[in-house]
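The structure under discussion appears below in the form of C-alpha cells.
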Amino acid sequence: MNKSLSRRLIFFLSFGYAFLYIPIFILVIYSFNESRLVTVWGGFSTKWYGELLKDQGILDAAWMSVRIAFFTAWAATFLGTVAGFVMARFGRFRFHSGFASTITAPLVMPEVITGLSLLLLFVSMERVLGWPEGRGMLTIWLSHVTFATAFVAVIVSSRLREMDISIEEAAMDLGAPPLKVFFVITIPIIIPALISGWLLSFTLSMDDLVITSFVAGPSSTTLPMKVFSSVRMGVSPKINAVATFIVMFATVIVVGSSIFAIRQDKKKYREMQAAIQENLGQ
C-alpha cells in the first residue's frame with residue numbers, strides 16, 4: 001500500500017471517528033454547564049446532576065428501561081441463538097426459507113408497522129384470552145424481544161457458518177453426545193458472538209421509542225419516552241446529564257466485555273500452545 005493511499009485512509013477513518021464521537025464529548029461537557037440554556041456555556045457546575053437525582057420521574061423511567069433491556073437481552077440471546085443454530089446447521093429443510101424470512105423480518109420492517117402490528121396482537125389476545133391484561137412492562141418486554149431476537153439470530157448464524165465444523169465432528173466421533181458438544185465445544189467458540197448479540201439487544205431495547213410508544217401503557221414510561229416528551233417542551237440541561245450517565249454505563253459494559261473477550265482469546269491461545277507442546281513431547 002503506497003503512502004498517499006495510507007494517508008487518505010487514515011484521514012477518512014479519523015474523520016469518521018470524529019464525526020461519531022465529538023458530539024458525544026460535547027454533550028458530556030455541556031452536562032456540566034451552569035446555564036439553563038443547553039447551547040450557551042455559563043461556567044462549570046454539577047447542579048444539573050443534583051437536579052436529575054431529584055427528578056423521580058426520570059429515575060423511575062430509567063430504572064424501567066434498564067430492567068426491560070436486561071431481561072430483553074437475555075431472552076433475545078437465548079431465542080436468537082436457537083434460531084441462528086437452526087438456520088446455520090439444519091440445512092435446507094422444507095420450510096427453511098420461510099423460517100429464515102420470519103426470523104429476519106423485523107430487521108427490514110419499519111418500526112411503525114411493527115409497533116402497530118404488536119398493538120393489534122396484544123389487544124386481540126386480551127379480548128380472546130384475557131392476557132396480557134392491559135399494556136405495560138410485559139408488553140414492552142415481549143415487543144423488544146421480538147425485534148432483538150432477529151439481530152442475535154443473524155450474528156450467531158454468521159459466526160456458526162464461519163466456524164470449523166470438523167471440531168464438532170471430531171468430538172462426536174470420540175463419543176461425545178450432540179448436546180454436550182454444543183455446550184462444551186460450540187458455545188465457547190461462539191461466545192464473542194453471544195456477547196455481541198447480548199450487548200446489541202440491550203442497546204436496542206434501551207434506545208427504542210417508536211415500538212415502545214405503541215405497546216406501553218400510561219404507567220409504563222421508559223427513558224426514551226420521558227426524554228422525548230421533555231424535549232418537545234424544551235430541552236433541559238438534565239437531559240445532558242441523563243445522556244452522560246447512559247454513555248458512562250455503555251462504556252463500562254463495552255470495556256468489560258472487550259476485556260473478557262481478550263482474556264478468552266489469550267486463554268484459548270495458551271491452551272493451544274500447551275496442546276502443541278504436549279504433542280511434540282510425545
Exercise. What is the magnitude of the charge dipole of region 1-86 about its Cα centre, with +1 placed on the Cβ of each Lys and Arg, -1 on the Cβ of each Asp and Glu, and no other charges, expressed in debye to the nearest 20?
Worked result: 460 debye
For this session: Return P(r) of the chain (all Cα-Cα pairs; 5 Å bins starting at 0; whole %; ordered from short to long distances).
Result: 1, 5, 9, 11, 13, 13, 12, 11, 9, 7, 4, 3, 1, 1, 0
For this session: Can you find, among ALA69, ILE26, SER97, the residue farthest towards the positive end of the dipole of the chain? Put +1 on the C-beta of Lys and Arg, -1 on that of Asp and Glu.
Result: ILE26
Problem set entry | Loop sites in region 132-176: GluC sites (Glu not before Pro), DSSP, at most 12 other Cβ within 10 Å | GLU133
Problem set entry | Of VAL181, VAL108, VAL28, the one that fluctuates the most in a GNM where the chain has Cα springs shorter than 10 Å | VAL108
Exercise. Mind checking which of GLY217, GLY80, GLY130 has the largest fluctuation in a GNM of the chain, springs on alpha carbons under 10 Å?
Worked result: GLY130
Seminar exercise, completed: One finds the C-alpha centres of region 45-88 and region 210-282 to be spaced, in Å, by 9 Å
Exercise. Taking chymotrypsin sites (Phe, Trp or Tyr not before Pro) as exposed when DSSP calls them loop (any state but H, G, I, E, B) and at most 13 other Cβ atoms lie within 10 Å, what is the longest stretch of the chain free of them, the sites themselves excluded?
Worked result: 96-282
For this session: Please give the calculated 222 nm ellipticity per residue for the chain, where each DSSP H segment of at least 4 residues contributes -39500 (n - 2.57) and the sum is spread over every residue; nearest 500 deg cm²/dmol?
Result: -27000 deg cm²/dmol
Problem set entry | Cα-based helix-to-principal-axis angle, 56-89 vs the chain, degrees rounded to 10 | 20 degrees
For this session: Quick one: which residues, 5+ away or cross-chain, put their amide H under 5 Å from the amide H of ASN33? H built at 1.01 Å from N.
Result: SER45
Exercise. Against the longest alpha carbon principal axis of the chain, how many degrees, from 0 to 90 and to the nearest 10, is the axis of helix 111-129 turned?
Worked result: 90 degrees
For this session: Rank GLY175, PHE202, GLY134 by how far each Cα sits towards the positive end of the charge dipole of region 65-220 (+1 on Lys, Arg Cβ; -1 on Asp, Glu Cβ) and give me just the farthest.
Result: GLY134
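Bear in mind these aren't lab numbers, they're just calculated from the coordinates by the rules spelled out. Everything quoted here is computed from the prediction, not taken from an experiment. Neighbour counts run over all protein chains shown; Cβ positions are idealised from the backbone, glycine included.
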